[in-house]
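Novice: Below are the structure tokens for one structure; questions will follow.
The values are calculated or read from the model by the stated rules, or taken from the named source; none is laboratory data. This one's a predicted model, so the numbers in the text were calculated from it and none came from an experiment. Ideal geometry is used to build each Cβ from the backbone, glycine not excepted, and the neighbour counts take in all protein chains shown. Side chains included, ligands, DNA and RNA excluded: accessible areas come from the protein's heavy atoms. Shrake-Rupley method; radii C 1.70, N 1.55, O 1.52, S 1.80 Å.
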Amino acid sequence: MKILKRILPIIFLTSVLATAQNINWKSINPEHKNLSTFEFGYDFGLTSQLGFYKFLNTSKPIYLGIDASVPMGNVILDDFKLRTSGLIKLHEINNYILSAKVSTIFTRHETNVVRMASFGTEFSMLVGYHKPGWHVSVELGHHKSISTHLKHSTRMSQNYPDIKDGWYIPTEGHFFLGIQGSKSINPSLDISFRAGSISNESNDEKPTIPLYTQIGLVKSF
């Protein structure tokens, strides 16, 4: 169990950030209810991400969507993440907007030591200044892996005979704080950016490079 407690935070944190829904509420075209996104950036490694979101014009405007991300590597599907998300506009004063984002996440990550399949959640609050052609926001959030299944490699099992496969509840989490924004290229296309820092939930393990950056395109239709 000691070796398991040491490797879980390190391995899990190599595959789990890349947040989506960098949306300017003031750029919403009433005729465009859908968004498609493509992002590329650094989140414990180089990653690319595709997403689709649907706008619901309720009493509190909401975007619901799904995205998938993969790290850049030789074997594409050994690591990936699927996320379903909801972004809700809570309050607006002049051009300042408060939003909340809630996500459920499935992550798969494999090394020569262990294969991990994890279910988790993510919650964040955003405060930003939004204009029709651009916006900038500050985001504070928390990611938590609720349950993770481990399948260890033969080499790992031989070196540590007492190590066990199976489900572990709960496992690891981290906080993130960053800035994000967008600039309209034309009425249906925005370029977006994100950057920030990451801090592990526990104090004994820390990311090697505790930063993330991301740039992308947001297409409305």
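Novice: Can you give the local net charge around residue 33? Use residues other than it whose beta-carbon is closer than 14 angstrom to its beta-carbon, Lys and Arg +1, Asp and Glu -1.
Specialist: +1
Novice: Rounded to the nearest Å, what's the spacing between the alpha carbon centres of the stretch 159-178 and the stretch 86-102? Just the number, please.
Specialist: 33
Novice: So between residue 123 and residue 59, what do we pick up on full extension, going 0.36 nm a residue minus the alpha carbon distance?
Specialist: 20.9 nm
Novice: What number comes out for the charge environment of residue 101, summing +1 per Lys or Arg and -1 per Asp or Glu over other residues with Cβ under 9 Å away?
Specialist: Its environment carries a net charge of -2.
Novice: Give me the extension gain from residue 215 to residue 144: residue separation times 0.36 nm, minus the current Cα-Cα distance, reported in nm with one decimal.
Specialist: 23.2 nm
Novice: Shifting gears a bit: Using alpha-carbon pairs under 8 Å, 6+ residues apart, how would you state the relative contact order of the stretch 88-204 in percent?
Specialist: Relative contact order, the stretch 88-204: 20 percent.
Novice: Taking the Cβ-Cβ separation of residue 82 and residue 175 as r and a Förster radius of 22 Å, what is the calculated FRET efficiency to the nearest 0.05?
Specialist: Given R0 = 22 Å and the Cβ-Cβ separation, E is 0.50.
Novice: Let me ask you something else. Taking a threshold of 26 Å on the Cα-Cα distance, which of the pairs 101/164; 33/183; 101/131; 89/183; 144/183; 26/81 fall above it?
Specialist: The answer is 101/164; 144/183; 26/81.
Novice: Same structure, new question: Where the accessible area of the stretch 118-162 is counted over protein heavy atoms with a 1.4 Å probe, how much of it, in %, is carbon and sulfur?
Specialist: Carbon-and-sulfur percentage of accessible area, whole number: 65.
Novice: Continuing with this model, one more query. Over the Cα atoms of the stretch 31-186, compute the convex hull volume and normalise it per residue, giving Å³.
Specialist: 133
Novice: Per the Debye formula with a single identical scatterer at each Cα and no solvent contribution, what log10 I(q)/I(0) holds for the stretch 102-221 at q = 0.13 Å⁻¹?
Specialist: Rounded to two decimals, the profile gives -0.70.
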